[in-house]
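No lab work stands behind these numbers, since they all come straight from the coordinates. Please read all numbers here as calculations on a predicted model, not as lab measurements. Cβ placement follows ideal geometry from the backbone for every residue including glycine, while neighbour counts extend to all protein chains displayed.
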Amino acid sequence: MKFKVENMHCQKCANTIKNALSDEFGEIKTDLENKIVSVKIKEDDVQKFQNEMSDLGFEAIKTDE
């Protein structure tokens with residue numbers, strides 16, 4: 001599943017997301033150029049993932065890209 005994260009600007013942002021959420025959600029891939037975070041989660045976990053991202057200061061918008 002892919003999420004658009006407009007305020008993910010640098011590698012430090014990407015590392016913060018990966019380090020904070022990978023234990024709970026598994027492998028997280030980040031594409032800084034396109035500001036996309038990819039994670040393999042179930043539809044039931046989307047809101048939880050978005051809430052966790054929000055707690056880190058990032059708005060994650062589900063995308064079909």
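Here are some notes:
- Per-residue ³J(HN,Hα) for region 27-32, Karplus 6.51 cos²θ - 1.76 cosθ + 1.60, θ = phi - 60°, Hz, x for Gly and Pro: 4, 10, 10, 10, 10, 5
- Dimensionless Rg/Rh of the chain - Kirkwood Rh, Rg from C-alpha atoms: 0.90
- Potential lengthening of the chain between Q11 and K40 amounts to 8.4 nm, from the contour at 0.36 nm per residue minus the alpha-carbon distance.
- Charged neighbours of E59, selected by a Cβ distance under 9 Å, balance to 0 (K, R count +1; D, E count -1).
- Between the residues Q47, N34, M8, the greatest Cα displacement towards the positive end of the dipole of region 2-62, with unit charges on the Cβ of Lys, Arg, Asp and Glu, is found for N34.
- Under the criterion of Cα pairs below 8 Å and six or more residues apart, the relative contact order for the chain equals 47 percent.
- Separation of the E59 and D23 label points, Cα + 7 Å toward Cβ, nm: 2.9
- Summing +1 for each Lys or Arg and -1 for each Asp or Glu among the other residues whose beta-carbon sits under 9 angstrom from that of F25 gives -3.
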